[in-house]
Each structure stands twice: as structure tokens, then as C-alpha cells.
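Report on one structure; see the data block that follows.
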Amino acid sequence: MLRKIVFFILILLSCKINAQSSIPLIPKPKLVLLEKAPAFIISKQTILIAPKENPEFQYLNELIEKHLGYKLASNSINQKSNNCIELSLNPKQKMEINEYKININTRKITIEASNSAGLFYGIQTLSQLINQYSTNNSPIPALKIQDQPKFKWRGMHLDVARHFFPKSDIKKYIDYLALYKMNVFHWHLTDDQGWRIEIKKFPKLTSIGAFRKESMVSHYNEQRFDSKPYGGFYTQEDIKEIVAYAKEKHITVVPEIEMPGHATAALAAYPEFSCTGGPFEVGTKWGVLDDVFCPNENTLNFLKAILDEIIPLFPSEYIHIGGDECPKIRWHQCVKCQSLIKEKGLKDEHELQSYFVTQIEKYINKKGKKIIGWDEILEGGLAPNAAVMSWRGTEGGIAAAKAKHFVVMSPGSHCYFDHYQGEQKTEPLAIGGYTPLEKVYEFNPIPTELSTEESTYILGAQGNVWTEYMDDFSKVEYMAMPRMAALAEVLWGKDNSSNYTDFKNRLQLHFSFLDKMKVNYSKALFEIKAKISATDDHLLKVELVAANPSSSIFYSLDNNNPTNKSILYQQPIIIEKNTTLKAASFDSNVQKSAVLEQKFEIHLATAATVTLKVEPSNSYKANGAFSLVDGMYGDRGKFGRDWLGFSGKDVLATIDLGSVKKVHSITVDVLSSPASWIYYPKQIAISYSENGIDYSADSIISVQEIDSLKGVVKVEIPPTSIQYIKVNAYNQGKIAEGNPGAGESAWLFIDEIKVE
């Protein structure tokens, strides 16, 4: 008898698992049970039953019309039907906040919740089911779904200061958030490169601050400009319209008004609130600019008057004040600032920023609101009631939570959607970095360093879309989607990152939904993944994996693009000489993926053993120490995934060539991009040994030499018997005042160490 019971339970569990893995719902519901009852068919005869005064009633019918081309007839909540969709809203039900339940059988579909938000989330789930089944003339399976969100703050950010997007695009963006049950839209409205919100008391903020004379094109490092005036802004009526639109979808709009840094656009309009008096022009370069608000009484009154117009427009609990990347060089040189530091008994400029933020917080608190800011607001002391948005890793969020402040996690390593998500050679230009879909999905907003009590201060997380390299909305879509879907599932409450394969399978089915919505989403998911490692005899081994296990991979080593007539991949590829590998996946002889292209350059250290004294940052760890000898070179125009990155730390790499070899040169690749906080090392020291004990004197290369060599540092020596090589690259340490990220730890990026 016991064996029969266990067998029956296993069958039920199997049904549950199969239902959840085969039905493409994103985010994945907490519980999905596949029933044995016949499925439900939506037709023109189906009746929609709901209280007509409920706004979700009309919204559901509009979604049905979008999916199926017709609206349903409606009926009173009290009338019964055997072919109906019923919305049941009962505040007295014993349900969790925003929980919903769906019951589908052959007669009807019922969505029930205790509040409107829960009902809305149930409608989004039904919308995805209708898209998957009814639009293909298939019945919707009989299901029971019980679901609710895990995190309170499930957000997406959009920067409209670098590039401006009209109301229609903002509404689309809000629609995407609603689709994935996200509930916070963080709207970055002001920055050095543009002020985007009308302030009636200060009209020059938009007449001057909303327009710049030109914009950067290509990457920041190239310093090229298009000579085209650019700008735009939202009127207060526009703002009201968008806030109302978001509210209908149970999304809170949190505005960001940057202060005290990222203020050049405002100072171009009102230079009297700076330290120097100007004149200024709206920023045309990306990055961080030196001129910031002077934190005196006049400036505080100016910003308070702006907030007087901002706060009534946004019913959100929080007002985001930025607070990030505020250079202190002007304050250090400003007589007024130094006098204020002395008057208030402050230690330094960091405490001056804390004083400024605290004054703003007090004013916002009096207006019934709270402030949230980037994690720099921790420096010099956190304002009493402030919440923190942790972007420079998770450390700021951990510190804030331990101090009993609320936190929104948004670390660059997992939540910055302006980073590359696929192979840089085939991706649109981005700021750098590498944040693929799988990395987003593995994110856990609650750090393990927090206790159970401390973790209650983690409100949730959000994805950030900074638009320096997104000059039209289709690029925003491409960078946000489908990473937004992955983050949405994280925040709704996925079990663990090992479910990624299941998520990926559901996502591929879900793409048909995005196709119908005409979303320009990234297809990096379909990329071939290449794993590079060393063979026992120190050759390079390349293993290729297609996104779809049933796909075939064809490749070439002759620099020609692969076709279904090229070499069929059946086993790891061994690279023995300089070559360019190109590969693509095919389904039924149709190319599915973009072409993976990788150039390999073989040298004496290729596939050698490398040890690092200090490991690289998790954000830029590429293939670990092996990246230094894998025969692949980091792209200097689209830097990111092939470089090892070290924040504030030196690099000590030791290479074992495996045997004694005649060497005549050693070349090290390093990178510089000050706008991204990446600096050449102060110096590089290279030494070598035959036995691993007795090393040569260091060959020292200064930063000036590194700069003159454009980061490709080559040390030539007389032909020498060598087995061991040490490369020591010394980090610049703290970034100097007057530079982006001043006071922060510099990044040191290093790639191939070539030995000939």
C-alpha cells in the first residue's frame, strides 16, 4: 500500500513539474498544477464576468482583443455561464498581498485575488496563456495556479537624459514592465547631458538645459562628435499622463533628480548655483563632469523650489536624488564650500555631501516623502531615513541593511543592461562589460552576509538601462529584452539559479509573444557558447555548445563563414596554429545563430599554466587566469568579456611554460578608459627564470611608456632559456580628483601575455 501511495505522489509531482516546465509563463508561478479535466476554449461566445467598475475588467478585454482580434461580451458578476472568464475581487479573502489564483477547467477560467494588483498579475499570466494557446487555435490546458511576488521592489530604470524618448516609447517600456509583473519604473530625468522635466518656476532648465549642441558618436575613447543639436523634455502634463498610465498597470514611477553631481545641464541654465559661476554648456561628453551644485543655502533653496514642483507630480513613496559620482574638486577649491565645512564642523568634502543630502532629505520628509540615492550617499554618513540603491557591487547595500536602512540592489555585475549580453563582435556598441542572460538569472538580491533580520531591509532589485549608446528606442528594447524577463523572474521569486535551463526553454517559446508585440529583443540566447581550455600537451581545446541541444553546429577554420556544408562539429576542436574559427548553429539546414568568430594567435605561452596571486573581480573574470594565455585578444573598441578586471588591486601573474624554452620577447596587453574608471597600471615589472627560483632583475615599464605604446607593452631580451615568467602590474589606486570616479578604486584591465 505504501509503495502505491509513493508512486501516486510521484505521478502528481511529475505532472506539476511537467506543467511548469512546458508552459511558457514568465515569471514562473509559485505553483502550477496540470489538471486532468478537458481544456478551455476561448471563442466569440465566451462571456467575460466581472464587476464593471473594476479597471481590470476593461484591461483584460483589451488584451483579448489584441491577441484574438475581438472583444468578449460582458455580464454581471452574479450571472452564471458555462463558457466564461470570471474576475473575482474579494478583499475579505484570506490571501497574501498581491497574491492571485487561477482555475481553468472546461467550463470557465476564474481569476481571484483580494486586491486589484493581484487581479492584474493574474490577468498578465492569463494573457501569456492566451498568446501561447488560443492565438494558435489551441485550447488552454486545465490548470490551477497559485502565485504571489517575493520582493516589494521589482524595478527597471531608464535614462532619458543621455538620449530622450517620446511619451509613446515610455508607455511601451511601462507595458514591458507590466508584462513581467514588475512594479517600479525608475525614471532618470536629469543629468549632465540633459534636463528632461519642465519646472515652471525655472523655465531655463528646459529652454537651455534640455538641449546640447552635439553628442558623442562611437565609443567614448574615440572622442568623436556628430555636430548635431539634440534635445527634448517632458511637460508637466506629459509627466501626469505617464504616471497615470503606469498607475493603471500597478507600476509606481520613481523620479530621479540628480544632485549634487551630474548637474551640468542645470548649471548651464542657472550658473549662479555652481562654485565658479560658469559659464557652462550642457554636457556633450558622456561620463562624469567636474562642475556640480555648490551646496550652500541659495542652492538648497533652488533645489527645494524644484522639488516643490516635482513632488506633486509623483505619488511615489520615494524621490530619487542621485547622489552618485560627485567630484569634489570644485568644492575643494571653493571658498564658500570650505567656509561651510568649517562653519558646520565637518571633517571634509565627503561630510559636506552628507550634510547636503541630509538637508534635502529633511525637506522631502516634510513633504511626506522619503529619499533614495545611489550608494555614494553612504559616504560621510548616511542621512537618517534614506534608502540606498547599491550599484557599485553589493557592499553598499550590505552596509546600509546592517544599519537598518532599506536597500534596492542594483549591482553593475548583474543588473546593468547597458553591458554586452553576447559576443561583442556581433553586438551593437555598448559601454563595456559582459552581462549575459544567465548571469542576470543567477542573481540573488539578498547577500549571504546578511542575517535573517537584516535581509528584511532588502526591498528588492532593479535593472538599469543607461542610454549613452542607445540613440533610439529599438536599441533600448534590444539591451533590456530579454534580460528584463530574467530579472523579473528573480524578483518574483525563483527557487534557484539551477532552473536556468527551464527558464531558457520557456523563454524560447515566449519569444513568439515578443514577436507579435514587434519587440526588438536580443537573440544572444541562441549564440554558440565556446569553452576554451588546455589539452594535456598544452594545445588549445575549443568546445562548442548550441543553445538548442538538437541544433547542429558547422564550423570553418579557413576564415569563410560556415554553411550547412562546412565541417560538422562532433568533438572538441584542437587549435595548433594561428587561425580564425567561425561557427554557427543550424536547425533543419536553416542558420539559427549569429556567426561566432574567434581569432587565435599561438605563441610560446599559449595554454601554459598561469597562477594569480589575487583573483579578478567577478564582474570581469572572463576565463580566469587562463584568459592571459588563451591566444585571444580583448577588443579595445568593445572592451568587456575577454579582459580580466581588478578593482584597486595589483596583478601578479606567474606563467609556467611547461618546459625550458628560448624566449626573446614578452608582451603584455593592458587597457585604458578613464571614463569607465579603467587606468593603465602605474608600472609593469617583468622578470623570468629557468628554474623558478632564481629570477632576473625586473624590467620596469612606467605608465608613460605604457601610454606611448597604447597599452601593448613589449619587453625584448636576448634569446634566453626560460620556463617561468612573472608579470607584476601595479594598480593606480584611488582615482585622482578631476576624473570620473574621483576617489574610487581604479580598475586595471589586463589580457593576453604573449611570449615569443
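The values are calculated or read from the model by the stated rules, or taken from the named source; none is laboratory data. Predicted model, so just to flag it, every value in this text is computed and none were measured. A quick note on method: Cβ atoms are made from the backbone with ideal geometry, for glycine too, and the neighbour counts reach across all protein chains shown. Heads up: the accessible areas ignore ligands, DNA and RNA and are worked out on the full protein's heavy atoms, side chains in. Shrake-Rupley method; radii C 1.70, N 1.55, O 1.52, S 1.80 Å.
For the reader, a short list of remarks on this structure follows.
- Taken over the chain, the convex hull of the Cα atoms encloses 205 Å³ per residue.
- Stretching THR501 away from LYS200 to a fully extended chain increases their span by 103.2 nm, per 0.36 nm per residue minus the current alpha-carbon distance.
- Normalising the average separation of contacting C-alpha pairs (under 8 angstrom, six or more residues apart) by the number of residues puts the relative contact order of the range 585-686 at 26 percent.
- THR535 paired with ASN623, simple spin-label distance in nm, labels 7 Å along Cα-to-beta-carbon: 1.5
- Based on Cα contacts under 8 Å between residues 6+ apart, the chain shows a relative contact order of 9 percent.
- Carbon + sulfur, % of accessible area of the chain - ligands and nucleic acids excluded, 1.4 Å: 51
- Among the trypsin sites (Lys or Arg not before Pro) found in the range 387-435, those both in a DSSP coil and sparsely packed, with 11 or fewer other Cβ atoms within 10 Å of their Cβ, are LYS404.
- Report note on the peptides 63-74, 180-191: ranked by the mean count of other C-beta atoms within 10 Å, highest first, their order is 180-191, 63-74.
- For a straight C-alpha distance cut-off of 18 angstrom, the lysines reachable from LYS565 (same-chain residues fewer than eight places away being disregarded) are LYS582, LYS592.
- Extreme residue, positive dipole direction of the range 195-242, given options TYR220, TYR234, ALA210 (C-beta unit charges): ALA210
- Alpha-carbon centroids, the range 285-337 and the range 520-563: separation in whole Å: 49
- Solvent-accessible area of PHE513 with every protein chain in place, 1.4 Å probe, in Å² to the nearest 10: 20
- FRET efficiency, 1/(1 + (r/R0)^6) with R0 35 Å, evaluated for ASP472 and ASN83 via beta carbons: 0.20
- Using a cut-off of 29 Å between Cα atoms, the listed pairs LYS94/LYS518; LYS201/LYS369; LYS228/LYS328; LYS30/LYS516; LYS171/LYS504; LYS425/LYS734 include LYS94/LYS518; LYS228/LYS328; LYS425/LYS734 as exceeding that distance.
- Relative contact order for the range 101-151: 46 percent, from Cα pairs under 8 Å spaced at least 6 residues apart, divided by residue count.
- Simple point charges give the picture: +1 on the Cβ of Lys and Arg, -1 on the Cβ of Asp and Glu, and for the chain a dipole about the Cα centre of about 2860 debye.
- Helical runs assigned H by DSSP (4 residues or longer) give the chain a calculated mean residue ellipticity at 222 nm of -7500 deg cm²/dmol, each run adding -39500 (n - 2.57) before division by the residue total.
- Other residues whose C-beta falls under 11 angstrom from the C-beta of VAL292 contribute a net charge of -4, scoring Lys and Arg +1 and Asp and Glu -1.
- For the range 591-596, 3J(HN,Hα) per residue [Karplus equation, 6.51 cos²θ - 1.76 cosθ + 1.60, θ = phi - 60°, Hz, x = Gly/Pro]: 5, 9, 9, 5, 6, 7
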